[in-house]
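Below is the structure I would like to discuss, written out as structure tokens.
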Amino acid sequence: MTSATIIRELQTQAHKNNQRRSLVFAGGAKWCRQQADIAIQEMMGQEAVGQENNHIVSLYIGGQVDPGIPVLAANKSKQWLGRELDFLVFDAHCGFDVDAFGAISGTLRAGGLMVLLVPELSQWSDFNDPEHKRIQVYPQTQEQVSGYYLERLAQLIKKTDALSLLTESNEYRRTCWPEATPVESNNYKAFHPNECRTKEQADAVALVHKVARGHRRRPLVLTADRGRGKSAALGIAAGQLLNEGIQKIIVTAPAKSSTDVIFQYALECCDLESEVVDQCLVFIAPDELIRVRPECDLLLVDEAAAIPASLLTELLHQYSRIVFSSTIHGYEGTGRGFAIRFRKVLDAKTPQWRSLHIHQPIRWVDNDPLEAFIFRALLLNAVPTEVQNLPKLSVNDYEFRQLTSEELIGNESLLTELFGLLVLAHYQTRPFDLRHILDGGNIEVSGLFQQGHLVATVLAAREGEIESDLVEPIWLGQRRVRGHLLPQSLSNHVGMADAVILKGLRIIRIAVHPDRQQQGLGSRLLDAVRQQAMNDQYDYLGTSFGATTELLRFWSRSYLIPVRMGMTREASSGTHSVMMLQGLTHKGQTLLNEAQARFRQQFHWLLMEGLEDLEVGIICILLQHIGYTEVYEEGPFEQKDLRSYIDGLRQYDCCMGSIKAYCMRLLVSETLDAPQQQLLVTKVLQNQSWQRVAGMLNLPGRKQVQQLLRETISERVKRSHLS
């Protein structure tokens, strides 16, 4: 059967069933691209003889040829999100960008055809994929990157009934997929005039209206798999509300680019001039929203799962009309963990909240073969094992062992359990992370098992042992090698040039099954990894993460010490990153001691410039764990300063040094209530204005803040018999 015949047959099936079809050409690059040319000519030929308005929207992902249709490099594929395609060629000979593959596949609409060009399947795992440059870790070369991910993908293509396959050796296997009955709501006739494509999408729009117009404090949680029109529904509702006179709608999300679809649909549905829409519908980043607190009639929080729960809780408290939306399965991350964690907050603070999950795709019917293959290949629907029927064990009865890539690709159930834990624990687990786990040259995977099922896992990266010739260039910031996050940061940011020579193990992520959390499994897992690292003669154990009070307490209980704070908040999480270490050898302990001393020396200065917005709770935990020794000394000079200040005889500015040293001691060694902690941290340590501190403490002004500060210090001074 010729390529042209196959293309016609697949397109006929796609149109008949209102589904999408896929064809894989497997062979050499030259042969594959010849078949792609035939497919393109066939599709363009159909357009030429078609009826009016029968334009076929086509795209070639690859960028190394001129196929006669628009060409786009894989890393630019997000430019097409929000648009629709009828014909797509994805050239894996240019590199299999798994995130791009997942993203661009969602733009193909019912009746559409995807053509995937791949090397010969039996040899694909040995292919020098250009994407290997994203995975390689110094001193590894691109050619040395393993091909376990591609080996698994090749096996899936060989076995699946969801794709048709034609090889260079002329072996052909056609799609064997159940026929679908076209669904009226999915045949591209608008359900809601000129706007909504499905009933569920129209229901979502109506519920957004209800949030904006109905009772306050009844937020909406809108969830959907990718391709269900969730963001479009937000945009449609926003446009309609602006038409009805709503004055201000704020959109927030981890990244502005992820909200493009909302603004696009709002503009299309709104009758106002675009300049007016730009003033009434605005994007504000989550951290700025918390800091500035602008007023609005409605707040739309898109991809809420990527925003820390603490920020979401603050937004929930601050705004009375709010919609949270999140993708449950998607190429950019997963919102399942969000759905579980945030539900408890909503139940406690706004018990009359509503939810809607959009099931119906807007571009194709349910049970679409391409979507089924994408979900399986990218593990978008991976879930952890069910443990409800397993007996609860003592923490030491779980089996600890390391996992290899060979074992994972040979055991699809285990791989699914692993990735399911990771996507449930962390929103920004992307399809590329699966490839990185299988082929990353420095990645170690370990887990705790119960009756053969994975209930907790840890990902770690081997770092350091960089040759001495690179010590000075890395220290000066003249050179940065791939990977090795901790040693290079210790060298360049902390100033410890020789840190790159030591051997370290960085914990990337820990994930524990939701039904086994708060039982000590995370600590048990970390203890086992630590012992294995000591056996393997690592100098130190370390980690880096977005700082929250909960995570800082966990890692501090696990004997890691803070040694560095990032100066800027991460755009995606709104948190400052923190680096923590534990020495495992004499060299590692020496490294830790020096890094801790440098952090301790700089921290109180950074609190006044650079970390002046760092949260009070985080500061208090850091002070308790960085070994702060600059405490109040009971000398006569310091005693006179404190006594003269608390008696109102001298001003704060005149006694600031003694007050600061004494307050540092209080924060480290005393039990203070929340207002007292906030007072000492924001005014004394961060040197914020009296007016701002008064606002934080709900006090009238400077005089009352001064009085509270004097009372707080006086009470402790008298208790310690310094008076």
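The numbers here are math on the coordinates, done by the rules we state, and not lab data. Here the structure is a predicted model, which means the values were calculated and not measured. Here the Cβ is made from the backbone with ideal geometry for all residues, glycine too, and neighbour counts use every protein chain on show.
If you take the charge dipole of the chain about its Cα centre, with +1 on Lys and Arg Cβ and -1 on Asp and Glu Cβ, which of V578, N593, A661 is farthest toward its positive end?
The residue sitting farthest along the positive end of the dipole is A661.
Mind checking which lysines have their C-alpha under 23 Å from K587, skipping anything on the same chain fewer than 8 residues away?
Cross-link targets: K503.
Same structure, new question: Starting from the Kirkwood Rh over alpha-carbon pairs, what translational D in µm² s⁻¹ does segment 198-358 have by Stokes-Einstein at 20 °C and 1.002 mPa s?
139
Which ³J(HN,Hα) values in Hz, rounded to whole numbers, follow from the phi angles of segment 547-560 under the Karplus curve 6.51 cos²θ - 1.76 cosθ + 1.60, where θ = phi - 60° and Gly and Pro get x?
Rounded to whole hertz, the list is 6, 10, 4, 5, 5, 4, 5, 4, 5, 5, 4, 8, 6, 9.
Any idea what the dipole of the chain comes to, in debye rounded to 20, about its Cα centre with Lys/Arg Cβ at +1 and Asp/Glu Cβ at -1?
Here the chain has a charge dipole of around 2080 debye.
Here's another thing I want to ask about it. Projected onto the charge dipole of the chain (+1 at Lys/Arg Cβ, -1 at Asp/Glu Cβ, origin at the Cα centre), which of M44, Y652, Q201 gives the Cα projection farthest towards the positive end?
It is Y652, whose Cα lies furthest towards the positive end.
Counting other Cβ atoms within 10 Å, keep those with at most 13, restrict to DSSP loop, and tell me which chymotrypsin sites (Phe, Trp or Tyr not before Pro) in segment 101-142 are left. Kindly include the intermediate steps, with their values, before the conclusion.
Numbers: sites: F101, W124, F127; in loops: F127.
Sparse-neighbourhood loop chymotrypsin sites (Phe, Trp or Tyr not before Pro): none present.
Please list 3J(HN,Hα) in residue order for segment 166-174, calculated via the Karplus relation 6.51 cos²θ - 1.76 cosθ + 1.60 where θ = phi - 60°; whole Hz, with x for glycine and proline.
With the stated coefficients, segment 166-174 comes to 10, 9, 5, 7, 6, 8, 10, 9, 8 Hz.
Could you tell me the distance between the Cα centroids of segment 424-445 and segment 105-163, to the nearest Å?
16
Here's another thing I want to ask about it. For a test of understanding, tell me how many lysine pairs in segment 198-358 have Cα atoms under 20 Å apart, given they are 8 or more places apart or on different chains.
Lysine pairs satisfying the spacing and distance rule in segment 198-358 number 7.
Under a straight-distance cross-link criterion of Cα-Cα below 27 Å, which lysines are reachable from K660, leaving out those fewer than 8 residues away in the same chain?
K640, K683, K703, K718
OK, next. Please compute the contact order of segment 636-719 in relative form: average sequence separation of alpha-carbon pairs under 8 Å and at least six residues apart, divided by the residue count, as a percent.
It comes to 25 percent, rounded to a whole number.
Taking Cα pairs under 8 Å and at least six residues apart, what relative contact order does the chain come out at, in percent?
Numbers: 1280 pairs, mean separation 68.0, N = 723.
9 percent.
Can you tell me the relative contact order of segment 198-358? Whole percent, Cα pairs under 8 Å, sequence separation 6 or more.
Relative contact order comes out at 35 percent.
Now for a different question. In segment 340-437, if every C-alpha pair distance is counted and binned at 10 Å from zero, what percent goes to each bin?
Cα pair-distance distribution for segment 340-437, in percent: 11, 30, 34, 20, 5.
Rounding to the nearest 20 debye, state how big the charge dipole of segment 198-358 is about its Cα centre with +1 on each Lys and Arg Cβ and -1 on each Asp and Glu Cβ.
The dipole of segment 198-358 has a size of about 960 debye.
Within 10 Å of each residue's Cβ, count the other Cβ atoms and sort T313, T252 from fewest upward.
Least to most surrounded, the residues fall as T313, T252.
Here's a follow-up. Arrange T549, T327, T167 by Cβ neighbour counts within 10 Å, fewest through most, would you?
T549, T167, T327
Rank by packing, highest mean first: peptides 518-529, 196-207, with packing defined as the count of other Cβ atoms within 10 Å averaged across residues.
196-207, 518-529
Two decimals is fine: what's Rg over Rh for the chain, C-alpha atoms, Kirkwood radius as Rh? Numbers along the way, then the final one.
Numbers: Rg = 29.1 Å, Rh = 28.7 Å.
With Rg and the Kirkwood Rh in hand, the quotient comes to 1.01.
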